[in-house]
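Just below is one structure, and these are the notes that go with it.
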Amino acid sequence: MSVTIRPATAEDINAITEIYAESVLNGVASYELEPPTRAEMTARMETIAAGGFPYFAAVENDALLGYAYASAFRTRPAYRWLVENSVYLAPQARGRGVGKLLLLRLVEECEARGFRQMVAVIGGASPASMALHRSCGFADAGRLTGTGFKHGRWLDTVFMQRPLGAGNTTDPLPLSL
């Protein structure tokens, strides 16, 4: 596998929009029911970048296979060292280790930026997503039952978490974020 992980760019937005639309329409990772437009996905990418969060693309032979980004878990100031991750893959990339490459790169970059905890909010309690996160050092942090209704069924949401860097064993550097 010759997959390259690199920062996502505006030129990737068409492929990112298509990958996310497929997930919205056919999966349960997102609780959206209608795929967002290209303009909305562009605005979301710009908001993530403006917030100082990383956004990566997985590319193989000029094809975008998936993307991952970190974002604020909550907006209150005391949460500023906690990020939530999102990982989405094109159908042909699933089960090939692309998600793990993206997630590990995201963890590395979030640590470098001074974040101290990362949480995964796994819609539909996807076994594949839970396995991915476990393989990258995440531990179970809780389950909310019946949180969404999509594709004719109730879905659970699973929370998983992993420390970044020193985690909560030391005080954060006040100016790190």
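The values are calculated or read from the model by the stated rules, or taken from the named source; none is laboratory data. Quick caveat: nothing in here was measured; it's all calculated off a predicted structure. Neighbour counts run over all protein chains shown; Cβ positions are idealised from the backbone, glycine included. These accessible areas exclude ligands, DNA and RNA; they are computed on the full protein's heavy atoms, side chains included. Shrake-Rupley method; radii C 1.70, N 1.55, O 1.52, S 1.80 Å.
State to the nearest 20 debye the size of the charge dipole of the chain about its Cα centre, where the only charges are +1 on K and R beta carbons and -1 on D and E beta carbons. Don't skip to the answer; put the middle values down first.
On the way: 17 positive and 17 negative charges, 109 e Å.
About 520 debye.
In percent, what relative contact order does the range 29-177 have, based on Cα pairs under 8 Å that are 6 or more apart in sequence?
21 percent
Okay, helix-only estimate at 222 nm for the chain: each DSSP H run of n ≥ 4 adds -39500 (n - 2.57), divide by all residues, round to 500 deg cm²/dmol; what do you get?
So the helix-based figure for the chain works out to -9000 deg cm²/dmol.
Highest mean first, what order results for 134-146, 115-127 on Cβ atoms within 10 Å?
Result, highest mean first: 115-127, 134-146.
Could you state how much accessible area Phe53 has, in square angstrom rounded to the nearest 10, with a 1.4 Å probe and all protein chains kept in place?
Solvent-accessible area, nearest 10 Å²: 40 Å².
In terms of the Cα gyration tensor, with a ≥ b ≥ c the square roots of its eigenvalues, is the range 42-109 rounded because a/c is under 1.5, prolate because a/b exceeds b/c, or oblate?
Numbers: a/c = 2.68, a/b = 1.90, b/c = 1.41.
Prolate is the answer for the range 42-109, as a/c is 1.5 or above and a/b outweighs b/c.
For Gly148, what residues show an amide H to amide H distance below 5 Å, using hydrogens built from the backbone and excluding near sequence neighbours?
For Gly148, whose amide H was placed from the backbone, the distant partners under 5 Å are Leu155.
Give me the number: length gained by fully extending Ala166 to His151, i.e. 0.36 nm times residue separation minus the C-alpha to C-alpha distance, one decimal in nm. Present the calculation step by step, with values, prior to reporting the outcome.
Working: separation 15, 0.36 × 15 = 5.40 nm, distance 4.06 nm.
Contour length minus Cα-Cα distance gives 1.3 nm.
If you average the alpha carbon positions of the range 1-45 and of the range 136-157, how far apart do those two centres end up, in angstrom?
21 Å
Farthest toward the dipole's positive end in the chain, which of Val28, Met118, Leu103, given Cβ charges of +1 (Lys, Arg) and -1 (Asp, Glu) about the Cα centre?
Met118
Given a 1.4 Å probe and every protein chain left where it sits, what share in percent of the accessible area of the range 56-147 is carbon and sulfur?
Ligands and nucleic acids excluded, carbon and sulfur reach 51 percent.
Before I look further, what does the chain give for accessible area per residue, probe 1.4 Å, in whole square angstrom?
Counting only protein heavy atoms, the per-residue value for the chain is 52 Å².
At q = 0.15 Å⁻¹, what log₁₀ I(q)/I(0) does a Debye calculation on the Cα points of the range 4-163 give, no solvent, two decimals?
For the range 4-163, the Cα-only Debye profile gives -0.80.
Hey, can you rank 10-20, 82-92 by average C-beta count inside 10 Å, highest first?
Ranked by mean Cβ neighbours within 10 Å, highest first: 82-92, 10-20.
Output wanted: per-residue J couplings in Hz (rounded whole) for the range 97-112, from phi through Karplus 6.51 cos²θ - 1.76 cosθ + 1.60, θ = phi - 60°, x for Gly and Pro.
These are the phi-based 3J(HN,Hα) values: x, 5, x, 5, 4, 5, 5, 5, 5, 5, 4, 4, 5, 5, 4, 4 Hz.
So how do 21-27, 68-74 stack up, highest first, on mean other-Cβ count within 10 Å? Present the calculation step by step, with values, prior to reporting the outcome.
Details: 21-27: 15.7, 68-74: 19.1.
Per-residue mean Cβ counts within 10 Å order the peptides as 68-74, 21-27.
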